[in-house]
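Peer 1: Right, I'll just put the structure down here and ask away after.
Read the figures in this text as sums done on the coordinates, not as results from a lab. Please read these numbers as outputs of a predicted model, since none were measured by experiment. Methodologically, a virtual Cβ is constructed for each residue, glycine included, from the backbone with ideal geometry; neighbour enumeration extends over all protein chains shown.
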Amino acid sequence: MVINKQLNGTELTVSIAGRLDTITSPQLEKELESSLPGVTKLHFDFKELEYLSSAGLRVMLRAQKQMNTQGNMTVGNVSDVIAELFDMTGFTDIMTIVSNAGK
Amino acid sequence: MDELIIETKPKNLSRVLAFVESHTGALPKKSQYRINIAVDEIFTNISNYAYQNEPGIAVIRVAVNDAVTIEFEDSGVPYNPIAQTEPNLTQSAEERAPGGLGVFMTQKLMDTVEYRREGGKNILTLKKGVS
């Protein structure tokens, strides 16, 4: 997994390539812990993400909870497989999925 | 069925996935991803819970014909993952507790998930058609 962060003022875009699974999720969790303070808009770009397991979903849930208290969070470029995962777990109702890489 | 005998350490997931992918490599990517997620959930569960405090041994078997069959065997404490209650999927982000999703996702992603306890072993069999 490769994480790419782009901070523009208080707007952070996090792009993830590869797999967000049991092995790699702690790495994303650490990145978010250090990067989220002060961020008002968090956007995840999933263009290069193959899939996430429940460990990845837990990190997404945590990020959503934190952003609910300090701004907002969006997720973009979601593939069919990932959209299916979000649907089956009810995450579609918790998170804001946007149809492109946009803001 | 080809089998992999491996210590139940969470970090061994990479080797387990590589073993499974050596059999599923010809399938469409989407099918491979769904299978990988299920394998992640089940192997992680076994690594964390089957042998309590220390790693033990798991045997993982894979066969691919008109369906992909993956079997997980461990000699740990009796545990039937599919007897657990389903997570509440309608809660808001604030209400949700972490966890509980892995087995649920596995059942949704696979066609069948069957558990049996046999000769002091937990055996969990996942099946997914690949037509």
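Peer 1: What GluC sites (Glu not before Pro) in the range B:1-103 are in a loop by DSSP, with at most 12 other Cβ atoms within 10 Å of the Cβ?
Peer 2: Within the range B:1-103, the qualifying GluC sites (Glu not before Pro) (loop, at most 12 other Cβ atoms within 10 Å) are B:Glu94, B:Glu95.
Peer 1: Using θ = phi - 60° and the Karplus curve 6.51 cos²θ - 1.76 cosθ + 1.60, what whole-Hz ³J(HN,Hα) does each residue of the range B:61-78 get, with Gly and Pro shown as x?
Peer 2: Per-residue couplings from phi come out as 10, 10, 9, 10, 9, 7, 9, 8, 10, 10, 10, 10, 10, 9, 9, x, 5, x Hz.
Peer 1: Measuring from the lowest to the highest alpha carbon on each principal axis, how far does the protein assembly as shown reach, largest first, in angstroms?
Peer 2: That gives 60, 37, 29 Å along the principal axes, largest extent first.
Peer 1: Another question, then. Considering only A:Lys41, A:Lys65, A:Lys30, give the residue with the highest GNM mean-square fluctuation for chain A, with springs between Cα atoms whenever their separation is below 10 Å.
Peer 2: Of the options given, A:Lys30 has the highest mean-square fluctuation.
Peer 1: In nm, what is the difference between 0.36 nm times the number of residues separating B:Ile5 and B:Val130 and their Cα-Cα distance?
Peer 2: So the extension gain works out to 42.5 nm.
Peer 1: Summing +1 for each Lys or Arg and -1 for each Asp or Glu, what net charge is found among the other residues whose Cβ lies under 11 Å from the Cβ of B:Ala67?
Peer 2: Taking every Cβ under 11 Å from that of B:Ala67, the sum is 0.
Peer 1: Still on this model: Quick one: which of B:Lys9/B:Lys30; A:Lys41/B:Lys127; A:Lys5/A:Lys65; A:Lys5/B:Lys11; A:Lys65/B:Lys30 span more than 31 angstrom between C-alpha atoms?
Peer 2: Cα-Cα > 31 Å for A:Lys41/B:Lys127; rest within.
Peer 1: Using a 10 Å cut-off around each Cβ of peptide A:47-59, what is the average number of partner chain Cβ atoms that fall inside?
Peer 2: 5
Peer 1: A further question on this structure: Under 13 Å from the Cα of B:Lys121, which aspartates and glutamates turn up, not counting those fewer than eight places away in the same chain?
Peer 2: The reachable aspartates and glutamates, counting only those whose Cα sits under 13 Å from B:Lys121, are B:Glu71, B:Glu73, B:Asp74.
Peer 1: Could you calculate the contour length gain from B:Ser14 to B:Glu54, that is, 0.36 nm times the residue separation minus the distance between their Cα atoms, to one decimal place in nm?
Peer 2: 12.5 nm
Peer 1: Between B:Glu118 and A:Ser99, what is the spin-label point distance in nm, taking each point 7 Å from the Cα along the Cα→C-beta axis?
Peer 2: 5.0
Peer 1: Let me ask you something else. Go from 0 up to the bin containing the longest alpha carbon distance in the range A:1-101, width 10 Å each, and give me the % of pairs per bin.
Peer 2: Percent of pairs per bin, in order: 16, 56, 27, 1.
Peer 1: Related question: Rounded to the nearest 0.05, what FRET efficiency is calculated for A:Leu7 and B:Thr69 with R0 set to 41 Å and r the Cβ-Cβ distance?
Peer 2: 0.30
Peer 1: For the range A:33-103 and the range B:2-31, what is the centre-to-centre distance using only Cα atoms, to the nearest Å?
Peer 2: What the calculation gives is 27 Å, centre to centre.
Peer 1: How far apart, in nanometres, would the label points at A:Glu29 and B:Ile82 be if each is projected 7 angstrom from Cα along the Cα-to-Cβ direction?
Peer 2: Simple spin-label model gives 2.9 nm for this pair.
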